[in-house]
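The values are calculated or read from the model by the stated rules, or taken from the named source; none is laboratory data. Model, not experiment: these values are computed from the prediction. All Cβ positions, glycine included, derive from the backbone under ideal geometry; neighbour counts span all protein chains shown. Surface areas here come from the heavy atoms of the whole protein model, side chains and all, with no ligands, DNA or RNA. Shrake-Rupley method; radii C 1.70, N 1.55, O 1.52, S 1.80 Å.
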Amino acid sequence: MPAESTPEPAIPGAPGDSTPPRPKDGRRKARGPRRKALLVTAWTAAGVVALGGAGAGYLFFKLNGNLKSVDINQALGSDRPLKVDNGSENILVLGSDTRSGTNRKLGGGTDDGSARSDTAMIVHVYKGHKRASVVSVPRDTLVERPSCTDSKGTVHGAVSGAMFNSAYSTGGAACAVKTVESMTGIRMDHYIEIDFSGFQKLVDDLGGVTITTTEAISDHESHLHLTAGSHELNGKQALGLVRTRHGVGDGSDLGRIQLQQAFMKALVDQVKHIGLLSNPKKLYDLADTATKTVTTDSDLGSVTDLASFAGGLKGIGSSHMTMVTMPVQYDPADGNRVLVDKARSELVWKALKADRPIPKAATEGTATGTAKGVVSPG
């Protein structure tokens, strides 16, 4: 069957045809604005229970009422990979590009009632919860999307050559999880999702995130303009950074992933070092935003469960995180799409199943962006 494509609406007021020039390597850059949202919110929930224990139980119940959850287990039933009982955990983290509400202004484009998974990361937490590997899945990867049932009960048949991010728009969170499990053979223990406005407000509630750039970044589409040097990014700038594509490197989605991974490390370090437990006001503001703006699987659908889960992650700093992109190669038929490098990807999935580090051979010789090293924490 033919590959599916997902059109990217332009930012309101942008000029007519803004198709960028073809890069020197023959691949043309994808059109449209950047639509990325990145999630590292679970870490911030670790102190919520402490608030309740300090005589602020009513805050606990308020936060609990904020949470939205999806029962992935019920939606997918027993047709899933078996849970590997080796002390590790696997979490699918999605950033959605919904245009509803305040997200339309932040993301541009039209609210057509749909959303796609514009950022996807498989987070593997190793036994002991001291280290983690993060595998970014390019949104433009052509995959075998399995049959999915959406929230209205409509069954969508399996599709060959579907864009990865179409799984979410077709069948929601459950379909995204099912597609990832079909690709990897790994059961996702948890699911966490955030949108544009939630991501921006989380960064603002943190007081900003400090990064260093080795070169200037200027992207009119993501509204980001940074000189080379150190910057404390507010929420709007942070959203621009994780969405930027044309402002740095070769303009590819793979380069954008490299920027996202660098920012994620900076964000994790920020959460670990701002002393949330010694500042109840900041902790509450951040927890209030996080619980309002994330959607989780039902196993994390209460503040108690989310805080317990997050408490097991708080010892993982950026120096203990390995970040890679799922091994892919450019599609010879369309330079805007990538294909799964099945042999190398299997090395990644086998390592995670066995709770082992991802071997370097898994990413050698694969397609990659040219933005690595442009952004670093602090």
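Of note:
- Highest average packing first - 288-295, 134-141, 257-264, Cβ atoms within 10 Å: 257-264, 134-141, 288-295
- Of all aspartates and glutamates in the structure, those lying under 15 Å Cα to Cα from Lys152, and not within fewer than 8 positions of it along the same chain, are Asp71.
- Remark: spin-label model distance His220-His320 equals 4.6 nm, labels positioned 7 Å along the Cα→Cβ axis.
- For the stretch 254-306, a crude dipole built from +1 on the beta carbon of Lys and Arg and -1 on the beta carbon of Asp and Glu, taken about the Cα centre, is about 320 debye to the nearest 20.
- FRET efficiency for the pair Thr370 and Phe61, taken as 1/(1 + (r/R0)^6) with r the Cβ-Cβ distance and R0 = 51 Å, rounds to 0.55.
- Accessible area in the full protein assembly, largest first, 1.4 Å probe, for Val159, Val70: Val70, Val159
- Cα-based reach from Lys130 at 20 Å (exclusive), listing aspartates and glutamates while leaving out same-chain residues under 8 positions away: Asp85, Glu89, Asp189, Asp269, Asp305, Asp355
- Rolled with a 1.4 Å probe across the full set of protein chains, the surface gives Glu181 an accessible area near 10 Å².
- Over 19 Å between alpha carbons, listed pairs Lys68/Lys127; Lys127/Lys360; Lys68/Lys314; Lys265/Lys372; Lys201/Lys314; Lys83/Lys353: Lys68/Lys127; Lys127/Lys360; Lys68/Lys314; Lys201/Lys314
- Separation of the Thr227 and Gln329 label points, Cα + 7 Å toward Cβ, nm: 4.5 nm
- Here the spin labels are modelled as points 7 Å beyond Cα on the Cα-Cβ line, and at Thr212 and Asp85 they lie 4.7 nm apart.
- Excluding same-chain neighbours fewer than eight residues apart, the aspartates and glutamates reachable from Lys236 by a Cα-Cα span under 17 Å are Asp97, Asp195, Asp204, Asp205, Asp219, Glu221.
- About the Cα centre, charge dipole magnitude for the stretch 168-285 (Lys/Arg +1, Asp/Glu -1 at Cβ), debye: 220 debye
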